[in-house]
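Colleague: Starting off with a structure, shown below.
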Amino acid sequence: MELSIFHISEMYLYEYYNKDTDYTISGEDKLTPLLEEGIKLENAGQDDAALQKYLSAHMENPVNYEAYSSIIRVCRKKGDLQGLYNYTIESYNYCCTRAELALFYRNLGFYYLEKYKPEVASALYQYSKLFKYNENADSEINYLKEAMGDKIHELTIEEMQSLLKKEEIPLAANSITLALLVKAAEEAEETKLYNQALDCYKMVYDLTGDNEIETRINILNEKI
């Protein structure tokens with residue numbers, strides 16, 4: 001299989017989660033044009049055609065988060081709740097920044113809202129803001145408050161996590177993904193791909209705030 005995977009972090013994630021090392025790297029970037037065409041079609045209101053472009057982009061790079069988020073966004077517009085849920089759950093393994101993890105929780109929040117579980121939806125929207133603030137999360141929370149009255153209120157972190165645990169929703173970034181990013185960074189550093197190594201370390205630091213990772217970032221910055 002030929003794929004448009006060019007960053008060492010994506011190679012590590014693809015090989016582990018897809019159990020595939022028998023692939024080749026495309027000689028050209030086929031992913032970006034598909035995403036760009038999808039955006040143009042979506043902006044023109046052609047959601048079905050846009051979805052096909054995004055699905056093709058996903059086939060070109062099965063670990064690309066932009067492709068995932070684009071598919072999920074169109075599923076939401078089309079009212080395809082099962083598609084939204086399936087791709088959201090799949091995308092979790094590829095959440096490599098706080099912004100991506102926040103979007104993961106907001107997407108699940110929409111799903112649970114549509115499934116008439118407002119308390120869980122509210123907890124998800126509130127929890128998403130712990131990773132990255134987003135006005136959409138506030139809008140959804142305000143909507144729930146107006147619709148449900150006193151049943152919706154500000155939760156403590158412990159209360160949010162308790163509700164999420166009951167639904168078997170992860171509370172943080174995937175620890176395996178974090179470990180893979182560190183391994184990818186180390187290999188990139190060994191082969192003097194310093195910019196890619198820095199990318200990987202920055203993603204891990206963004207999600208963990210780990211002091212050792214911060215030290216590695218500082219050392220790499222001096223090499224670049």
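The values are calculated or read from the model by the stated rules, or taken from the named source; none is laboratory data. Here the structure is a predicted model, which means the values were calculated and not measured. As a convention, Cβ positions derive from the backbone with ideal geometry for all residues, glycine included, and neighbour counts pool all protein chains shown. Heads up: the accessible areas ignore ligands, DNA and RNA and are worked out on the full protein's heavy atoms, side chains in. Shrake-Rupley method; radii C 1.70, N 1.55, O 1.52, S 1.80 Å.
Colleague: May I ask you to say which residue of Tyr112, Tyr105, Tyr92 is in a helix (DSSP H, G or I) and surrounded by 23 or more Cβ atoms within 10 Å (Cβ to Cβ)?
Modeller: Answer to the selection: Tyr105.
Colleague: Within the range 122-137, how many residues are open to solvent by less than 40 Å² (accessible area, probe 1.4 Å) and either outside any helix (DSSP H, G or I) or at pLDDT below 80 (or both)?
Modeller: Total satisfying the criteria: 2.
Colleague: Going by the conditions given, is Val182 within 20 Å of Tyr105 (Cβ to Cβ), modelled with pLDDT of 95 or more and β-branched (Val, Ile, Thr)?
Modeller: Answer is no for this residue.
Colleague: Just wondering, is there one or more residues in the range 76-87 that are more than 25 Å from Lys53 (Cβ to Cβ) and either open to solvent by 30 Å² or more (accessible area, probe 1.4 Å) or within 18 Å of the chain's Cα centre (by Cα) (or both)?
Modeller: Within the range 76-87, not a single residue is more than 25 Å from Lys53 (Cβ to Cβ) and either open to solvent by 30 Å² or more (accessible area, probe 1.4 Å) or within 18 Å of the chain's Cα centre (by Cα) (or both).
Colleague: So, one more: How many of the residues making up the range 29-67 are open to solvent by 40 Å² or more (accessible area, probe 1.4 Å), among the hydrophobic types (A, V, I, L, M, F, W, C) and part of a loop (DSSP other than H, G, I, E, B)?
Modeller: Residues flagged as open to solvent by 40 Å² or more (accessible area, probe 1.4 Å), among the hydrophobic types (A, V, I, L, M, F, W, C) and part of a loop (DSSP other than H, G, I, E, B) within the range 29-67 amount to 1.
Colleague: Ok, one more. Give Gln161, Gln196 a once-over and let me know the one that is farther than 30 Å from Glu15 by Cα and out of contact with any strand residue (DSSP E or B) (no Cβ under 6 Å at 6 or more places or on another chain).
Modeller: Exactly one of Gln161, Gln196 is farther than 30 Å from Glu15 by Cα and out of contact with any strand residue (DSSP E or B) (no Cβ under 6 Å at 6 or more places or on another chain), namely Gln161.
Colleague: So, one more: If the requirement is being within 28 Å of Cys75 (Cα to Cα), open to solvent by 50 Å² or more (accessible area, probe 1.4 Å), part of a helix (DSSP H, G or I) and not aliphatic (A, V, I, L, M), which of these qualifies: Glu158, Glu168, Glu214, Glu119?
Modeller: Glu119
Colleague: Going through the range 1-28 one residue at a time, which ones are more than 13 Å from Val63 (Cβ to Cβ) and either among the hydroxyl-bearing types (Ser, Thr, Tyr) or crowded, with 18+ Cβ neighbours inside 10 Å (or both)?
Modeller: Listed by number, the residues that qualify are Thr21, Thr24, Ser26.
Colleague: Hey, any hits in the range 61-79 for a residue that's of a type in the set (Asp, Glu) and farther than 23 Å from Tyr105 by Cβ?
Modeller: no
Colleague: Follow-up. Report the residue count in the range 197-211 for those that are outside any loop (DSSP other than H, G, I, E, B) and more than 19 Å from the chain's Cα centre (by Cα).
Modeller: So the answer is 3.
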